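The values are calculated or read from the model by the stated rules, or taken from the named source; none is laboratory data. Fair warning: this is a prediction, and the values are worked out from it, not measured in the lab. Methodologically, a virtual Cβ is constructed for each residue, glycine included, from the backbone with ideal geometry; neighbour enumeration extends over all protein chains shown. Surface areas here come from the heavy atoms of the whole protein model, side chains and all, with no ligands, DNA or RNA. Shrake-Rupley method; radii C 1.70, N 1.55, O 1.52, S 1.80 Å.
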Amino acid sequence: RSRGLCSKSLKRACVGYARLAGTMQASAILIAATATAKCAALRHIGRRSAIGLAGSAAVAAVVPDAANAAADPTVKIYFGAGCFWHVQHEFVGEEVAALQRGPESITARTGYAGGTLGGGLKDGKVCYHNFKGVADYGSLGHAEAVQLEVPTSAVPRFAKKYFDLFGSRGYRHDPQDRGGEYRSVLGLPGGQASPLFPVIKQAALESQGGMKLYAGRGNEPDTIGDKAVLVYDSDKYPFYPAELYHQFHDDFMGPSYGKAYNSLQGRQYKQGLVGLTGCPDMDPVRDEGRYAKGFPS
């Protein structure tokens with residue numbers, strides 16, 4: 001798999017956050033996640049200022065507003081823009097920054113959506129490409145996506161975050177990855193008929209890349225170069241969680257996202273928040289720490 005290019009100095013600062021958090025015994029994962037979220041803002045901040053944030057990240061204390069969170073209804077939305085590893089990392093950071101979520105309350109999950117070939121499933125499964133040919137998501141017409149559950153009041157912020165992923169050129173992070181599996185998708189209950197769709201539409205209109213929304217019909221080819229995002233009714237085009245291997249995974253190009261981020265895989269597995277899907281996958285016991293590099297004991 002490939003990964004697009006971005007500032008090496010900013011990446012080093014982001015990695016520094018995770019390493020710094022790794023030295024803290026108390027709230028290490030939460031601090032690291034908070035620091036990861038701050039990395040999302042680095043493109044708007046000078047490198048010198050970014051390095052200064054590293055110190056404050058180590059002492060940051062984030063306390064969720066439980067009362068407000070309980071009062072605000074939530075919605076599940078999925079977003080796709082190329083490789084889902086990078087997209088998940090971006091939205092984990094946004095969940096921490098916007099909603100003050102910790103390791104057990106982060107909801108961003110990698111998965112597949114938008115396919116209807118063969119009913120969208122094979123033997124009740126949707127799987128990543130595998131040598132056994134089991135329920136290959138590409139052959140079922142799906143795209144890689146990341147689903148998360150957020151308060152409806154936070155939808156404008158998360159929609160903006162999504163469209164920001166395309167930058168000023170309207171290109172996704174990893175244009176080297178090509179094919180319908182990497183097309184740009186967005187799914188929410190009701191699709192374009194959702195009462196939340198006007199918020200999504202406004203975010204697209206205001207996007208720096210000039211992104212455009214189109215009704216998704218399933219199984220489409222790649223959208224790269226078209227500045228197009230396919231909008232699905234998630235009730236008709238549901239999201240299928242990806243394998244454990246693909247949760248909280250590093251991209252293959254550039255520095256690691258850090259052990260604090262990778263360890264979310266093991267933490268959430270042990271909490272029952274992510275798990276095995278019946279597809280060819282890693283073994284949580286045999287492969288502990290082998291793939292995401294942070295599977296904790």
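Counting just the residues of region 221-256 that are in a loop (DSSP other than H, G, I, E, B), open to solvent by 20 Å² or more (accessible area, probe 1.4 Å) and in contact with a helix residue (DSSP H, G or I) (Cβ under 6 Å, 6 or more places away or on another chain), which one comes out farthest from residue 177 (Cα to Cα)? Among residues in region 221-256 that are in a loop (DSSP other than H, G, I, E, B), open to solvent by 20 Å² or more (accessible area, probe 1.4 Å) and in contact with a helix residue (DSSP H, G or I) (Cβ under 6 Å, 6 or more places away or on another chain), the one farthest from residue 177 (Cα to Cα) is 255.
The condition (being under 22 Å from residue 251 (Cβ atoms) and open to solvent by 10 Å² or more (accessible area, probe 1.4 Å)) is satisfied by just one residue among 210, 138: 138.
Residue 148 meets the conditions (1) farther than 23 Å from residue 274 by Cα; (2) open to solvent by less than 10 Å² (accessible area, probe 1.4 Å) in every case but one. The failed one is (1). Pairing residues of region 251-267 that are within 15 Å of residue 91 (Cα to Cα) with residues that are modelled with pLDDT under 90 and of a type in the set (D, E, K, R), at Cβ distances under 7 Å and at least 6 apart in sequence or on separate chains, gives 251/3; 262/293. Consider residue 179 carefully, then state whether it is on the phi > 0 side of the Ramachandran plot and crowded, with 16+ Cβ neighbours inside 10 Å. No. Residues that are free of Cβ contacts under 8 Å to residues at least 60 places away in the same chain, of a type outside the set (Asp, Glu) and open to solvent by 10 Å² or more (accessible area, probe 1.4 Å) within region 155-170 comprise 156, 160, 167, 168, 169, listed in sequence order.
Specify which of the listed residues (141, 118, 167) is in a helix (DSSP H, G or I) and either within 23 Å of residue 229 (Cα to Cα) or modelled with pLDDT under 95 (or both).
On the way: 141 fails: in a helix (DSSP H, G or I); 167 fails: in a helix (DSSP H, G or I).
Answer to the check: 118.
Taking the numbered list (1) more than 25 Å from residue 252 (Cα to Cα); (2) over 16 Å from the mean Cα position of the chain (by Cα); (3) buried (at least 17 other Cβ atoms within 10 Å of the Cβ) in turn, residue 127 passes all entries but (1). Within region 47-61, the presence of at least one residue that is assigned to a helix (DSSP H, G or I), modelled with pLDDT under 90, touching a Leu at 6+ places or on another chain (Cβ under 7 Å) and open to solvent by 20 Å² or more (accessible area, probe 1.4 Å) is confirmed. Tell me which residues, restricted to region 182-194, are open to solvent by 10 Å² or more (accessible area, probe 1.4 Å) and part of a helix (DSSP H, G or I). Of everything in region 182-194, those that are open to solvent by 10 Å² or more (accessible area, probe 1.4 Å) and part of a helix (DSSP H, G or I) turn out to be 182, 192, 193.
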